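FYI, it's all coordinate maths here, none of it is from the lab. Nothing here was measured: the structure is a model prediction, and the numbers come from that model. Cβ placement follows ideal geometry from the backbone for every residue including glycine, while neighbour counts extend to all protein chains displayed.
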Ligand code: HEC
């Protein structure tokens, strides 16, 4: 009986620690990483207005790599969807820049920007 009780208490503790870890705010280094998204998207806009496809490609590839990560523990369907949209649109941006299609790249950039705003909007509301 005592053993069972101790067992249940330790399971409870493990769950609490796990929950605390999941709810942790992003660390400073994560925030620095996140700030880079803004830098890369500025670099892409710069590339778009000057038709510098190398610049667009560098920013788009970097953001596409970002899109492969989850960033935070958030299992909601809405968050996962925004992450997918971000990853997908940075991918179409890379493809458009490779084809040197300025209109295609501009369209993908706009679609990507929607996912930036929507994901942040979602996080504030959750
Ligand atoms: C799938 C969700 C998602 C998408 C898409 C997304 N972000 Fe974020 N962003 C986050 C999360 C999560 C954080 C960290 C939350 C926090 O700092 O509280 C963050 C943080 C940031 C920060 C740092 C804010 C701060 O408080 O320091 C910036 C800047 C940023 N994002 C810019 C962008 C830009 C630009 C894009 C699009 C190119 C983008 N984000 C797309 C989820 C997203």
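Quick note on region 26-67: its Rg to Rh ratio, both from C-alpha atoms and Rh being the Kirkwood radius, is 1.07.
Please say if region 25-125 is rounded, prolate or oblate, where rounded means a/c under 1.5 for a ≥ b ≥ c the square roots of the C-alpha gyration tensor eigenvalues, and otherwise the choice is prolate for a/b larger than b/c and oblate otherwise? Prolate shape, in that a/c is at least 1.5 and a/b is the bigger ratio. The modelled label-to-label distance for the pair residue 58/residue 123, using points 7 Å beyond Cα in the direction of Cβ, is 2.5 nm.
In plain terms, the residue of 41, 108, 101 with the fewest other Cβ atoms within 10 Å comes first and the most crowded comes last, giving 101, 41, 108.
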